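Single-structure report; data block below.
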Ligand SMILES: [Zn+2]
Ligand SMILES: [Zn+2]
(Lines give C-alpha, C1' and ligand atoms only; values in the text may rest on other atoms or scores of the structure.)
(Ligands and ions follow the chains in the order given, each with its own letter.)
Protein backbone atom coordinates (compact mmCIF):
# COMPACT_ATOMS: atom_id res chain seq x y z
CA UNK A 1 0.00 0.00 0.00
CA UNK A 2 2.74 2.45 0.89
CA UNK A 3 5.12 1.05 -1.70
CA UNK A 4 7.93 0.37 0.72
CA UNK A 5 9.88 -2.85 1.21
CA UNK A 6 9.33 -4.83 4.40
CA UNK A 7 12.75 -3.71 5.57
CA UNK A 8 11.86 0.00 5.39
CA UNK A 9 12.90 2.07 8.38
CA UNK A 10 10.29 4.16 10.24
CA UNK A 11 11.76 7.21 8.57
CA UNK A 12 11.42 5.75 5.07
CA UNK A 13 7.90 4.69 5.93
CA UNK A 14 6.95 8.18 7.05
CA UNK A 15 8.41 9.74 3.91
CA UNK A 16 6.65 7.28 1.60
CA UNK A 17 3.42 8.00 3.43
CA UNK A 18 3.83 11.77 3.10
CA UNK A 19 4.38 11.49 -0.64
CA UNK A 20 1.31 9.31 -1.15
CA UNK A 21 -0.85 11.40 1.15
CA UNK A 22 0.08 14.38 -0.93
CA UNK A 23 -0.54 12.58 -4.22
CA UNK A 24 -4.06 11.47 -3.28
CA UNK A 25 -5.10 14.57 -1.41
CA UNK A 26 -8.49 15.98 -2.55
CA UNK A 27 -6.82 19.31 -3.40
CA UNK A 28 -4.84 17.51 -6.05
CA UNK A 29 -7.38 14.98 -7.28
CA UNK A 30 -10.36 17.33 -7.32
CA UNK A 31 -12.33 15.21 -4.85
CA UNK A 32 -12.16 12.05 -6.98
CA UNK A 33 -13.94 9.26 -5.06
CA UNK A 34 -11.39 6.59 -5.88
CA UNK A 35 -8.52 8.82 -4.74
CA UNK A 36 -10.40 9.56 -1.55
CA UNK A 37 -10.75 5.85 -0.78
CA UNK A 38 -7.12 5.32 -1.61
CA UNK A 39 -6.15 8.09 0.80
CA UNK A 40 -8.21 6.44 3.54
CA UNK A 41 -6.45 3.13 2.95
CA UNK A 42 -3.07 4.84 2.97
CA UNK A 43 -3.88 6.60 6.22
CA UNK A 44 -5.03 3.31 7.73
CA UNK A 45 -1.92 1.47 6.57
CA UNK A 46 0.33 4.14 7.93
CA UNK A 47 -1.59 4.18 11.16
CA UNK A 48 -0.71 0.51 11.66
CA UNK A 49 2.87 0.65 10.49
CA UNK A 50 3.95 3.81 12.26
CA UNK A 51 3.50 2.13 15.62
CA UNK A 52 6.41 -0.26 16.22
CA UNK A 53 4.23 -2.72 18.18
CA UNK A 54 1.45 -2.81 15.57
CA UNK A 55 4.05 -3.13 12.87
CA UNK A 56 5.67 -6.14 14.50
CA UNK A 57 2.21 -7.69 14.72
CA UNK A 58 1.57 -6.93 11.08
CA UNK A 59 4.96 -8.22 9.97
CA UNK A 60 4.27 -11.49 11.79
CA UNK A 61 0.68 -12.09 10.82
CA UNK A 62 -0.42 -9.41 8.40
CA UNK A 63 0.62 -10.77 5.06
CA UNK A 64 -0.22 -14.44 5.59
CA UNK A 65 -3.96 -14.34 6.07
CA UNK A 66 -5.41 -11.87 3.66
CA UNK A 67 -5.35 -8.87 5.94
CA UNK A 68 -6.34 -5.60 4.30
CA UNK A 69 -2.85 -4.50 3.45
CA UNK A 70 -1.35 -7.82 2.42
CA UNK A 71 0.39 -7.88 -0.89
CA UNK A 72 1.18 -4.23 -0.86
CA UNK A 73 4.76 -4.81 0.10
CA UNK A 74 7.58 -5.22 -2.29
CA UNK A 75 6.70 -2.14 -4.30
CA UNK A 76 9.63 -0.52 -5.92
CA UNK A 77 10.25 2.70 -4.12
CA UNK A 78 13.78 1.54 -3.50
CA UNK A 79 15.34 4.28 -5.54
CA UNK A 80 13.53 7.11 -3.79
CA UNK A 81 15.81 9.98 -3.13
CA UNK A 82 18.84 8.15 -4.51
CA UNK A 83 20.30 8.95 -7.90
CA UNK A 84 17.32 10.25 -9.81
CA UNK A 85 16.69 8.56 -13.15
CA UNK A 86 16.22 11.79 -15.05
CA UNK A 87 19.10 13.99 -15.86
CA UNK A 88 19.06 17.66 -16.65
CA UNK A 89 22.08 19.46 -17.90
CA UNK A 90 22.47 23.15 -17.28
CA UNK A 91 25.19 24.98 -19.08
CA UNK A 92 27.29 27.27 -16.99
CA UNK A 93 29.69 29.46 -18.83
CA UNK A 94 32.89 30.47 -17.13
CA UNK A 95 34.95 33.40 -18.29
CA UNK A 96 32.86 33.76 -21.42
CA UNK A 97 34.52 30.76 -23.02
CA UNK A 98 31.55 28.67 -23.94
CA UNK A 99 31.92 25.40 -25.74
CA UNK A 100 34.81 25.07 -28.08
CA UNK A 101 34.20 21.60 -29.36
CA UNK A 102 35.30 20.67 -32.83
CA UNK A 103 37.49 23.68 -33.37
CA UNK A 104 39.61 21.60 -35.71
CA UNK A 105 43.18 21.13 -34.55
CA UNK A 106 44.36 18.81 -31.83
CA UNK A 107 42.62 16.38 -29.57
CA UNK A 108 39.88 17.54 -27.18
CA UNK A 109 40.33 16.91 -23.46
CA UNK A 110 38.04 14.50 -21.62
CA UNK A 111 35.05 15.63 -19.56
CA UNK A 112 35.39 15.34 -15.79
CA UNK A 113 32.59 14.57 -13.39
CA UNK A 114 32.40 16.05 -9.92
CA UNK A 115 29.81 15.00 -7.35
CA UNK A 116 28.64 18.00 -5.37
CA UNK A 117 26.61 17.45 -2.21
CA UNK A 118 24.28 20.22 -1.09
CA UNK A 119 21.78 20.37 1.75
CA UNK A 120 18.08 20.84 1.02
CA UNK A 121 18.33 24.38 2.45
CA UNK A 122 21.18 25.16 0.06
CA UNK A 123 19.18 23.72 -2.82
CA UNK A 124 16.22 25.92 -1.86
CA UNK A 125 18.13 29.18 -1.71
CA UNK A 126 20.95 28.49 -4.15
CA UNK A 127 24.56 28.44 -2.98
CA UNK A 128 28.06 29.27 -4.10
CA UNK A 129 30.45 26.36 -3.59
CA UNK A 130 34.16 26.22 -4.15
CA UNK A 131 35.29 22.91 -5.59
CA UNK A 132 38.88 21.75 -5.90
CA UNK A 133 39.72 18.90 -8.22
CA UNK A 134 42.66 17.28 -9.99
CA UNK A 135 42.83 17.52 -13.74
CA UNK A 136 45.33 17.22 -16.57
CA UNK A 137 46.71 20.55 -17.66
CA UNK A 138 48.37 21.20 -20.97
CA UNK A 139 52.14 21.20 -20.37
CA UNK A 140 53.28 24.80 -20.54
CA UNK A 141 56.82 23.89 -21.53
CA UNK A 142 55.89 22.17 -24.78
CA UNK A 143 52.33 23.56 -25.21
CA UNK A 144 51.12 19.99 -25.21
CA UNK A 145 53.21 18.92 -28.19
CA UNK A 146 55.34 16.60 -26.05
CA UNK A 147 58.71 17.46 -27.63
CA UNK A 148 61.62 19.07 -25.81
CA UNK A 149 62.28 22.74 -26.46
CA UNK A 150 63.66 23.32 -29.92
CA UNK A 151 62.76 19.86 -31.17
CA UNK A 152 59.88 19.20 -33.50
CA UNK A 153 57.89 15.98 -33.71
CA UNK A 154 59.19 13.77 -36.48
CA UNK A 155 57.29 11.81 -39.05
CA UNK A 156 56.70 8.24 -37.85
CA UNK A 157 58.94 5.85 -39.76
CA UNK A 158 56.73 2.88 -39.17
CA UNK A 159 53.75 4.27 -41.10
CA UNK A 160 55.39 7.10 -42.99
CA UNK A 161 53.09 9.62 -41.29
CA UNK A 162 49.85 7.95 -42.41
CA UNK A 163 48.98 6.79 -38.89
CA UNK A 164 47.91 3.41 -40.27
CA UNK A 165 49.74 0.29 -41.28
CA UNK A 166 48.78 -2.52 -43.60
CA UNK A 167 49.33 -6.14 -42.78
CA UNK A 168 48.85 -8.94 -45.29
CA UNK A 169 46.88 -12.03 -44.25
CA UNK A 170 47.04 -14.38 -47.18
CA UNK A 171 45.05 -12.75 -49.92
CA UNK A 172 43.57 -10.19 -47.53
CA UNK A 173 45.17 -6.98 -46.51
CA UNK A 174 44.16 -5.50 -43.14
CA UNK A 175 44.59 -1.85 -42.18
CA UNK A 176 45.10 -0.99 -38.54
CA UNK A 177 46.23 1.93 -36.38
CA UNK A 178 50.01 2.33 -36.31
CA UNK A 179 51.29 0.86 -33.01
CA UNK A 180 54.29 3.20 -32.89
CA UNK A 181 52.60 6.60 -33.16
CA UNK A 182 49.08 5.51 -32.08
CA UNK A 183 47.70 6.94 -35.29
CA UNK A 184 49.08 10.45 -34.99
CA UNK A 185 51.67 9.93 -37.74
CA UNK A 186 54.31 11.66 -35.65
CA UNK A 187 56.77 10.51 -33.02
CA UNK A 188 58.69 12.46 -30.42
CA UNK A 189 62.32 11.44 -30.37
CA UNK A 190 63.35 14.05 -27.84
CA UNK A 191 60.54 14.19 -25.24
CA UNK A 192 59.79 17.23 -23.09
CA UNK A 193 61.19 16.71 -19.61
CA UNK A 194 58.31 18.36 -17.78
CA UNK A 195 55.68 15.98 -19.11
CA UNK A 196 57.78 13.03 -20.35
CA UNK A 197 56.39 13.61 -23.80
CA UNK A 198 52.72 13.17 -22.87
CA UNK A 199 52.01 16.88 -23.38
CA UNK A 200 50.07 16.97 -20.10
CA UNK A 201 50.91 17.52 -16.46
CA UNK A 202 48.88 16.88 -13.31
CA UNK A 203 47.28 20.00 -11.99
CA UNK A 204 44.69 21.18 -9.51
CA UNK A 205 41.90 23.56 -10.20
CA UNK A 206 39.80 25.56 -7.79
CA UNK A 207 36.51 26.76 -9.15
CA UNK A 208 33.51 28.56 -7.73
CA UNK A 209 30.23 26.92 -8.67
CA UNK A 210 26.96 28.82 -8.61
CA UNK A 211 24.33 26.27 -7.67
CA UNK A 212 20.98 27.71 -8.81
CA UNK A 213 18.00 27.77 -6.39
CA UNK A 214 15.65 24.84 -6.89
CA UNK A 215 18.27 22.38 -8.10
CA UNK A 216 17.21 18.77 -7.66
CA UNK A 217 18.97 15.56 -6.82
CA UNK A 218 20.54 14.00 -9.93
CA UNK A 219 20.63 17.19 -11.95
CA UNK A 220 23.85 18.16 -13.64
CA UNK A 221 25.55 21.44 -14.24
CA UNK A 222 28.06 21.84 -17.02
CA UNK A 223 31.07 24.11 -16.59
CA UNK A 224 32.21 24.38 -20.19
CA UNK A 225 35.97 24.26 -20.78
CA UNK A 226 36.84 23.24 -17.21
CA UNK A 227 37.65 19.57 -17.85
CA UNK A 228 40.91 17.87 -18.82
CA UNK A 229 43.34 19.78 -21.00
CA UNK A 230 43.40 19.03 -24.70
CA UNK A 231 46.41 17.95 -26.74
CA UNK A 232 48.18 19.74 -29.54
CA UNK A 233 45.98 22.80 -29.31
CA UNK A 234 42.77 20.84 -28.84
CA UNK A 235 40.07 22.33 -26.58
CA UNK A 236 39.54 21.45 -22.93
CA UNK A 237 36.83 19.03 -21.93
CA UNK A 238 33.98 20.15 -19.67
CA UNK A 239 33.46 19.76 -15.97
CA UNK A 240 30.14 18.10 -15.23
CA UNK A 241 28.86 18.77 -11.72
CA UNK A 242 26.45 16.08 -10.56
CA UNK A 243 24.24 17.50 -7.81
CA UNK A 244 23.41 15.33 -4.84
CA UNK A 245 20.83 16.82 -2.48
CA UNK A 246 21.13 15.40 1.03
CA UNK A 247 18.11 13.96 2.80
CA UNK A 248 16.52 16.15 5.38
CA UNK A 249 15.39 15.16 8.85
CA UNK A 250 12.16 17.18 8.67
CA UNK A 251 11.24 17.60 5.04
CA UNK A 252 10.52 15.35 2.11
CA UNK A 253 10.69 16.84 -1.35
CA UNK A 254 8.30 16.05 -4.19
CA UNK A 255 9.35 18.22 -7.11
CA UNK A 256 8.76 21.77 -6.00
CA UNK A 257 6.52 20.69 -3.09
CA UNK A 258 7.95 20.28 0.39
CA UNK A 259 6.13 17.85 2.65
CA UNK A 260 6.39 18.01 6.42
CA UNK A 261 4.60 15.84 8.93
CA UNK A 262 3.76 17.74 12.11
CA UNK A 263 2.61 15.85 15.20
CA UNK A 264 0.10 17.65 17.40
CA UNK A 265 -1.17 16.57 20.77
CA UNK A 266 -4.55 15.00 21.23
CA UNK A 267 -5.77 18.11 23.12
CA UNK A 268 -4.32 20.58 20.60
CA UNK A 269 -6.20 18.77 17.84
CA UNK A 270 -9.44 18.74 19.86
CA UNK A 271 -9.38 22.33 21.13
CA UNK A 272 -7.48 23.94 18.27
CA UNK A 273 -4.08 25.53 18.71
CA UNK A 274 -1.39 27.63 17.21
CA UNK A 275 1.76 25.62 16.53
CA UNK A 276 5.21 26.47 15.22
CA UNK A 277 6.04 24.73 11.96
CA UNK A 278 9.50 24.63 10.37
CA UNK A 279 9.91 25.70 6.74
CA UNK A 280 13.01 25.97 4.60
CA UNK A 281 12.86 29.70 5.14
CA UNK A 282 12.38 29.79 8.92
CA UNK A 283 9.65 29.01 11.42
CA UNK A 284 6.01 29.65 10.57
CA UNK A 285 2.98 29.90 12.82
CA UNK A 286 0.18 27.54 11.89
CA UNK A 287 -3.39 27.67 13.18
CA UNK A 288 -4.76 24.17 13.88
CA UNK A 289 -8.57 24.24 13.75
CA UNK A 290 -10.54 22.60 16.55
CA UNK A 291 -11.35 18.98 15.69
CA UNK A 292 -8.36 18.52 13.37
CA UNK A 293 -7.74 14.94 12.25
CA UNK A 294 -4.66 12.93 11.43
CA UNK A 295 -3.88 13.27 7.75
CA UNK A 296 -5.36 16.81 7.49
CA UNK A 297 -3.23 18.92 5.20
CA UNK A 298 -2.48 22.60 5.34
CA UNK A 299 -0.76 24.37 2.46
CA UNK A 300 1.83 27.06 3.16
CA UNK A 301 1.89 28.95 -0.14
CA UNK A 302 5.29 29.76 -1.53
CA UNK A 303 7.19 27.91 1.17
CA UNK A 304 8.32 25.06 -1.08
CA UNK A 305 11.20 24.77 -3.54
CA UNK A 306 11.67 27.34 -6.26
CA UNK A 307 11.58 26.13 -9.84
CA UNK A 308 15.14 25.80 -11.06
CA UNK A 309 14.24 27.68 -14.23
CA UNK A 310 12.69 30.44 -12.18
CA UNK A 311 9.02 30.02 -13.07
CA UNK A 312 7.32 29.74 -9.72
CA UNK A 313 7.87 28.96 -6.08
CA UNK A 314 6.40 25.69 -4.81
CA UNK A 315 4.35 25.21 -1.63
CA UNK A 316 4.94 23.43 1.63
CA UNK A 317 2.28 20.94 2.63
CA UNK A 318 1.93 20.26 6.32
CA UNK A 319 0.37 16.89 7.14
CA UNK A 320 -0.98 16.68 10.67
CA UNK A 321 -0.60 13.64 12.84
CA UNK A 322 -2.61 13.55 16.03
CA UNK A 323 -0.71 11.80 18.76
CA UNK A 324 -2.67 9.66 21.19
CA UNK A 325 -1.42 10.23 24.73
CA UNK A 326 0.67 7.37 26.09
CA UNK A 327 2.07 6.39 29.51
CA UNK A 328 -0.60 8.18 31.47
CA UNK A 329 -0.24 9.00 35.15
CA UNK A 330 -3.06 8.05 37.50
CA UNK A 331 -4.17 11.68 37.61
CA UNK A 332 -4.25 11.90 33.82
CA UNK A 333 -6.35 8.74 33.64
CA UNK A 334 -8.79 10.22 36.11
CA UNK A 335 -9.04 13.39 34.08
CA UNK A 336 -9.70 11.45 30.88
CA UNK A 337 -12.29 9.25 32.58
CA UNK A 338 -13.98 12.39 33.81
CA UNK A 339 -13.78 13.76 30.30
CA UNK A 340 -15.44 10.59 28.97
CA UNK A 341 -18.32 10.98 31.41
CA UNK A 342 -18.95 14.41 29.91
CA UNK A 343 -18.78 13.05 26.36
CA UNK A 344 -21.71 12.07 24.15
CA UNK A 345 -22.58 11.48 20.49
CA UNK A 346 -21.71 15.05 19.59
CA UNK A 347 -18.20 14.65 21.02
CA UNK A 348 -17.54 11.47 19.01
CA UNK A 349 -19.80 11.43 15.91
CA UNK A 350 -17.69 8.68 14.28
CA UNK A 351 -18.04 6.33 17.23
CA UNK A 352 -21.75 7.12 17.45
CA UNK A 353 -22.39 6.40 13.79
CA UNK A 354 -20.51 3.13 14.02
CA UNK A 355 -22.45 2.09 17.12
CA UNK A 356 -25.74 2.75 15.27
CA UNK A 357 -24.67 0.55 12.35
CA UNK A 358 -23.60 -2.20 14.73
CA UNK A 359 -26.99 -2.12 16.43
CA UNK A 360 -28.71 -2.68 13.09
CA UNK A 361 -26.34 -5.42 12.08
CA UNK A 362 -27.65 -8.99 12.13
CA UNK A 363 -24.79 -11.42 11.78
CA UNK A 364 -25.48 -14.62 9.82
CA UNK A 365 -25.99 -17.71 11.91
ZN1 LIG B 1 55.74 19.06 -22.02
ZN1 LIG C 1 53.07 5.59 -37.15
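Looking only at residues in the stretch 160-209 that are within 8 Å of ligand 2 (Cβ to nearest atom), touching a strand residue (DSSP E or B) at 6+ places or on another chain (Cβ under 6 Å) and at positive phi, which one is modelled with the highest pLDDT? Applying the filter and picking the extreme gives 161. The residues of the stretch 22-42 that are closer than 22 Å to residue 262 by Cα and more than 19 Å from the chain's Cα centre (by Cα), listed by number, are 24, 25, 26, 27, 28, 36, 38, 39, 40, 41, 42. Considering the conditions (1) surrounded by 16 or more Cβ atoms within 10 Å (Cβ to Cβ); (2) at pLDDT below 50; (3) in contact with a helix residue (DSSP H, G or I) (Cβ under 9 Å, 6 or more places away or on another chain), residue 84 is excluded by exactly one of them, (3). Residue selection: residue 134 fails the criterion of being over 43 Å from the mean Cα position of the chain (by Cα) and either assigned by TED's automatic domain parsing to the domain that holds residue 309 or surrounded by fewer than 19 Cβ atoms within 10 Å (Cβ to Cβ) (or both). Can you find even one residue in the stretch 212-225 that is within 15 Å of ligand 1 (Cβ to nearest atom) and either assigned to a strand (DSSP E or B) or out of contact with any helix residue (DSSP H, G or I) (no Cβ under 8 Å at 6 or more places or on another chain) (or both)? No: zero hits.
For the stretch 142-156, the candidate set comprises residues that are at negative phi and buried (at least 16 other Cβ atoms within 10 Å of the Cβ); within that set, the residue that is nearest to ligand 1 (Cβ to nearest atom) is 142. State all residues of the stretch 157-205 that are loosely packed, with under 15 Cβ neighbours inside 10 Å, within 15 Å of ligand 1 (Cβ to nearest atom) and part of a loop (DSSP other than H, G, I, E, B); if no residue qualifies, say none. Of everything in the stretch 157-205, those that are loosely packed, with under 15 Cβ neighbours inside 10 Å, within 15 Å of ligand 1 (Cβ to nearest atom) and part of a loop (DSSP other than H, G, I, E, B) turn out to be 189, 193, 196. Here residue 326 qualifies as in the same structural domain as residue 293 (by TED's automatic domain parsing) and either closer than 21 Å to residue 264 by Cβ or assigned to a helix (DSSP H, G or I) (or both).
The values are calculated or read from the model by the stated rules, or taken from the named source; none is laboratory data. Note that this is a predicted model, so its numbers are computed, not measured. Neighbour counts run over all protein chains shown; Cβ positions are idealised from the backbone, glycine included.
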